[in-house]
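**Q** Once you've had a glance at the structure underneath, I'll fire off some questions.
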Amino acid sequence: MANVDFSNRDSFGSKFGVIAATAGSAVGLGNIWRFPYVAGESIGGAFVLIYLAFIFIIGVPVMLSEFTIGRKAKLNTFGAFKKLAPGKPWYIIGIMGLVAAFFILAFYSTIAGWTLEYIVKAFANGFENQNTTIIFESFKSSTFRPLLWQFVFMGLTAWIVFSGVKDGIEKYTKILMPLLFVLIVIMCVRSLTLDGASKGLEFLFKPDFSKITWGVILEALGQAAFSLSIGMGALITYGSYINKDNNLPKTAFQVSLADTLIALLAGVMIFPAVFALGMNPEAGPGLVFQVLPELFMKMPGGYVFSIVFFILL
């Protein structure tokens, strides 16, 4: 292993590419889909406060550790531990990370498939004058369509990954991440202008510490880990493509900050609309797919925005 030459290994072409690609590994479903519904099920404000604490107390140091391991070894999760600790059982952690990633992909690809279904519906103007809750429940109960879109998503993902770092992951995230950010800000503005939006902000940011339970704390810890993609080896792999001149502590902090900002904006986008539209903040995994189509229908140019949003998601 010591004689392997990694000098020709592909790498990120810019510091912004590192931040965009790494944040992009979680931003999207991790923040826009999962954060709002978990916050909704976990009493809102207090959950958000605990989540923020876990992000910066645990998330940033763990992310920095994974980046460091990856850049030092220039290998994937399994290979990195075998190279840096030869003859030691640390490689088992690499195996555990791969197993965790496999299980995460099993449901992540399912939810990502839902977004593809909604892209098609958006193109067909399928949300106009429709009950979005019924639309979602009808799709979710189908035995064929969710599976079809899951396979399509897996194929698209494989194509991007096989394109490499510069021409694949970095190329697309450097364009899509800023677009997604701008669109979320626009939707936040629209959501905040709805009648009754202030109740959503109060739900999201006013903590009720009397409702904190161990379940809420564990949900916040789980969301912090899921949101930053820590603990499953993805960041070790990303770290293996980071150049030596990149400041890893600064990069880890910037990625965490960008990731957290998107999560909070997603909450601002969702919860004011939830309360303004009289919907249930505890709707669970379908929350985004029920609320956002309603919001698009109340926006000028909502047809175009809905198409672009679900593509970026």
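**Q** If you take the square roots of the eigenvalues of the alpha-carbon gyration tensor of the stretch 238-313 and sort them as a ≥ b ≥ c, do you get rounded (a/c under 1.5), prolate (a/b over b/c) or oblate?
**A** Prolate, since a/c reaches 1.5 and a/b exceeds b/c.
**Q** Which of the peptides 191-203, 147-159 is most tightly packed, and how do the rest follow, going by the mean number of other Cβ atoms within 10 Å of each residue?
**A** 191-203, 147-159
**Q** Moving to a separate point now. Contact order normalised by length for the stretch 154-313, with contacts defined as Cα pairs under 8 Å and 6 or more residues apart; what percent is it?
**A** 37 percent.
**Q** With angles folded into 0 to 90 degrees, how steeply does helix 60-73 sit against the dominant principal axis of the chain? Use alpha carbons for both and round to 10.
**A** Helix 60-73 and the main axis of the chain meet at about 40 degrees.
**Q** Provide 282, 219, 117 in ascending order of the number of other Cβ atoms located within 10 Å of each residue's Cβ, fewest first.
**A** By the 10 Å Cβ count, ascending, the order reads 282, 219, 117.
**Q** For the chain, set up a GNM with springs between Cα atoms under 10 Å and report which of 129, 246, 31 has the largest fluctuation.
**A** 129
**Q** Could you pull out every one of the lysines with an alpha carbon less than 26 Å from that of residue 174, ignoring same-chain neighbours closer than 8 positions?
**A** Candidates past the 8-residue exclusion: 15, 72, 74, 166, 244, 250.
**Q** Compute the long axis of helix 171-192 from its Cα atoms, compare it with the longest principal axis of the Cα atoms of the chain, and write down the angle in degrees, 0 to 90, nearest 10.
**A** That helix lies at roughly 30 degrees to the long axis.
**Q** Mind pulling the angle between the C-alpha long axis of helix 45-54 and the longest principal axis of the chain? Nearest 10 degrees, somewhere in 0 to 90.
**A** Between the helix axis and the principal axis of the chain, the angle is about 10 degrees.
**Q** What label, among (i) 135; (ii) 174; (iii) 162, belongs to volume of the Cα convex hull per residue in Å³ computed from the structure on display?
**A** Evaluating volume of the Cα convex hull per residue in Å³ on these atoms matches (i).
**Q** Arrange the peptides 51-58, 226-233, 63-70, 302-309 so that the one whose residues have, on average, the most other Cβ atoms within 10 Å appears first.
**A** 226-233, 63-70, 302-309, 51-58
**Q** If you plug each phi of the stretch 149-157 into the Karplus form 6.51 cos²θ - 1.76 cosθ + 1.60 with θ = phi - 60°, what whole-Hz ³J(HN,Hα) values come out, in order, with x for Gly and Pro?
**A** These are the phi-based 3J(HN,Hα) values: 5, 5, 5, 4, 4, 4, x, 5, 5 Hz.
**Q** On to the next question. Please compute the modelled spin-label separation between residue 185 and residue 137, points set 7 Å along Cα→Cβ, answer in nm with one decimal.
**A** 3.8 nm
**Q** Mind checking which lysines have their Cα closer than 23 Å to the Cα of residue 121? Skip sequence neighbours fewer than 8 apart in that chain.
**A** List returned: 140, 298.
**Q** What order do you get for 77, 133 when you list them from fewest to most C-beta neighbours inside 10 Å?
**A** 133, 77
**Q** Exposure proxy check: 88, 244 ranked by fewest other beta carbons within 10 Å?
**A** 244, 88
**Q** Which net charge results when you count Lys and Arg as +1 and Asp and Glu as -1 among the other residues whose beta-carbon is under 13 Å from that of residue 225?
**A** For residues surrounding residue 225, the net value is -2.
**Q** What's the FRET efficiency of residue 124 with residue 198 using the Cβ-Cβ distance as r and R₀ = 35 Å, to the nearest 0.05?
**A** 0.50
**Q** Okay, next question. Hey, with R₀ at 25 Å, roughly what FRET efficiency would residue 209 and residue 311 work out to, going by the Cβ-Cβ distance, to 0.05?
**A** Using R0 = 25 Å, I get an efficiency of 0.05.
Throughout, read-outs are computed from the coordinates displayed, never taken from laboratory work. Because the structure is a prediction, the values reported are computed rather than measured. Every residue, glycine among them, receives a Cβ derived from its backbone with ideal geometry; neighbour counts consider all protein chains shown.
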